[in-house]
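Remarks on the structure that follows.
The values are calculated or read from the model by the stated rules, or taken from the named source; none is laboratory data. The structure presented is a predicted model; accordingly, all values stated were derived computationally and were not measured. All Cβ positions, glycine included, derive from the backbone under ideal geometry; neighbour counts span all protein chains shown. Side chains are part of the model used for accessible areas, which takes the heavy atoms of the whole protein and leaves out ligands, DNA and RNA. Shrake-Rupley method; radii C 1.70, N 1.55, O 1.52, S 1.80 Å.
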Amino acid sequence: MHPDKLRDAARKFASGVTVATAAHSGLIYAMTATAFSTLSMDPPLVLLGVKNSGKLLELARRAQHFGVSVLNDGQHAIGQWAAISGRVPERDLTISETIRARTGAPLLAGSAAWFDCELRSLAEHGDHTVLVGLVVDAWADAPAQPLVYFEGGYHALGKRLAEGGVTDIKNL
């Protein structure tokens, strides 16, 4: 299969935008990640997909922790910055204030939600590695609206159609 076919199809899957972070030996790295999901409630686990050659994977392995911040609809500049390849780990994230989590992972202030994770396992698949993290702490900002990635760009969710789901699709 040609990679463009996969890329075109994947662009049709709307997803939340997260920034994954790790810190070790005084250095922090952040990367935009759309391959993130909750995995289990008991025990509380999440999964995160990262490039095998990425700086985040290296720091998360060394630190044995990582953080995931769910961006709100006003944080698209942070998402764009964290998506720039070729950056190197730094002492402070100049793009955003961070909160130091229980594990030591940096989390982005002002996010819609965040997950503080201890690294539990790694599994290499193709050019990416799946990190499974045990969530040791989590937080959510009740009024926040998430940033959404769809068709190669960032979008705001907008107005919720109806409490508890769509009730009248004729008026869409």
- Item | Out of ALA82, ALA77, sole residue that is under 11 Å from the mean Cα position of the chain (by Cα) and within 18 Å of ALA109 (Cβ to Cβ) | ALA82
- Note on the structure: Counting only residues in the range 79-102 that are open to solvent by 60 Å² or more (accessible area, probe 1.4 Å) and among the hydroxyl-bearing types (Ser, Thr, Tyr), the one modelled with the highest pLDDT is identified as SER85
- Message: For GLY74, only one of the following conditions fails: (1) farther than 23 Å from ALA142 by Cβ; (2) not in a strand (DSSP E or B). What is its number?
- Response: (1)
- Message: If a residue must be of a type in the set (S, T, N, Q), over 21 Å from VAL17 (Cα atoms) and either open to solvent by 40 Å² or more (accessible area, probe 1.4 Å) or part of a strand (DSSP E or B) (or both), how many such residues does the range 103-136 contain?
- Response: 1
- Within the range 86-93, is there a residue that is among the aliphatic types (A, V, I, L, M), over 24 Å from GLU124 (Cβ atoms), touching a helix residue (DSSP H, G or I) at 6+ places or on another chain (Cβ under 6 Å) and not in a strand (DSSP E or B)? no
- Every listed condition ((1) farther than 15 Å from ALA22 by Cα; (2) surrounded by 17 or more Cβ atoms within 10 Å (Cβ to Cβ)) holds for GLU151 save (2)
- Does the range 131-138 contain at least one residue that is at pLDDT 85 or above, small (Gly, Ala, Ser) and more than 19 Å from ARG62 (Cα to Cα)? yes
- Query: Is one or more of the residues making up the range 15-28 assigned to a loop (DSSP other than H, G, I, E, B), touching a residue at least 24 places away in the same chain (Cβ under 8 Å) and open to solvent by less than 20 Å² (accessible area, probe 1.4 Å)?
  - Reply: yes
- Query: Of everything in the range 37-71 that's in contact with an Asp or Glu (Cβ under 8 Å, 6 or more places away or on another chain) and assigned to a strand (DSSP E or B), which residue is farthest from LEU93 (Cα to Cα)?
  - Reply: LYS51
